[in-house]
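Please read the structure below before turning to the comments.
The values are calculated or read from the model by the stated rules, or taken from the named source; none is laboratory data. Since this is a predicted model, take the numbers as computed values, not measurements. Neighbour counts are summed over all protein chains in view; Cβ atoms, including those assigned to glycine, are modelled from backbone coordinates with ideal geometry. Quick note on the areas: whole protein, heavy atoms, side chains included, nothing else; ligands and nucleic acids left out. Shrake-Rupley method; radii C 1.70, N 1.55, O 1.52, S 1.80 Å.
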Amino acid sequence: MPTKMLHIPTADGQADAFAVFPDRGERHPGVLMYADGFGIRPVLLEMARELAGHGYDVLVPNLFYRHGPAPLIQLPEHIGEEVRPALMAQLMPLIEAHTAERVLSDADAYLRFLTTRPEVGAGPVAVTGYCIGGLLAMRTAAAHPGQVAAVAAFHGPVGADGPDLFSKLTPQVHLGHAEGDLTPETLGELNHALDAAGVGYTSEIYPGTNHGFTMSDTDAFNPAALQRHWDRLLPLLDQTLATI
């Protein structure tokens, strides 16, 4: 898959990013992919390439570009539990500084950039995200009704903004939760709130999973759950994004 390193103009500067797209000389539906808190790294490129191989132009921005280009902290090849606390101590100030106002300002810039790329066809786009990126994906979708046709979030704190966010959602939604992140009772409450908001969605706990289960460079990685993630994500995109 062709890969381009890019800089996205935003209200606060230039966000570094990469895009992966099929090498077919055609235009394809766009997908904005939000990384987890550990940010842009080889595993995200691998996932973007997998998605692009199914016919999508995938844009992955550095969420914390205001603090510098990725990588902002030195990451080991494998993020084990023994190093995770120290890494999170470095990352939490960046996550906390990424306010809802900044998220929405950046989302405007990312979608504007994505939809004007020559490889991206006319029509709606999708947004997907992992961990904190899942919440960002939901906020982006809620702020862009009509433009975002599908949103998927995996092991993310998607209920953090409460039912007010759900009431603004117009796309089709898939939420894949880690078993270690919420109980069946909490899942029931979340799904009830989605029902009350009239959202078209699927929302499920992936069995036997811990937070971060899609990321192959962490101890939380679960190969079966990653495949389940593709089994849910790809049909969602096929059903909601026009074939260009």
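From the list ALA224, ALA196, ALA242, exactly one residue is over 18 Å from MET33 (Cβ atoms), modelled with pLDDT under 95 and surrounded by fewer than 18 Cβ atoms within 10 Å (Cβ to Cβ). Which is it? Criteria check complete, one pass: ALA242. The residue of the range 124-154 that is farthest from ALA220 (Cα to Cα), among those that are in a loop (DSSP other than H, G, I, E, B) and without any contact (Cβ under 8 Å) to a residue 60 or more places away in the chain, is GLY146.
With LEU91, LEU111 as the choices, which residue is more than 20 Å from LEU6 (Cβ to Cβ), in a helix (DSSP H, G or I) and out of contact with any Lys or Arg (no Cβ under 7 Å at 6 or more places or on another chain)? After ruling out the rest, the residue left standing is LEU91. Checking each residue in the range 155-176 for being in a loop (DSSP other than H, G, I, E, B) and open to solvent by 50 Å² or more (accessible area, probe 1.4 Å) picks out PRO157, ALA160, ASP161, SER167, LYS168, THR170. Scan the range 2-52 for residues that are part of a loop (DSSP other than H, G, I, E, B) and either touching a His at 6+ places or on another chain (Cβ under 9 Å) or surrounded by 15 or more Cβ atoms within 10 Å (Cβ to Cβ) (or both) and the total you get is 11.
Being small (Gly, Ala, Ser) and touching a Phe, Trp or Tyr at 6+ places or on another chain (Cβ under 9 Å) is the filter here; which residues of the range 52-89 pass it? If the condition is that a residue be small (Gly, Ala, Ser) and touching a Phe, Trp or Tyr at 6+ places or on another chain (Cβ under 9 Å), then ALA52, ALA70 are the ones that fit.
The C-beta contact set for the range 62-83 (first residue within 24 Å of LYS4 (Cα to Cα), second residue among the acidic types (Asp, Glu) and open to solvent by 50 Å² or more (accessible area, probe 1.4 Å), distance under 7 angstrom, 6+ apart or interchain) comprises ARG66/ASP12. Close Cβ contacts (under 8 Å, 6 or more residues apart or on different chains) running from residues in the range 89-102 that are open to solvent by 60 Å² or more (accessible area, probe 1.4 Å) to residues that are at pLDDT 95 or above comprise ARG102/ASP12; ARG102/ARG66.
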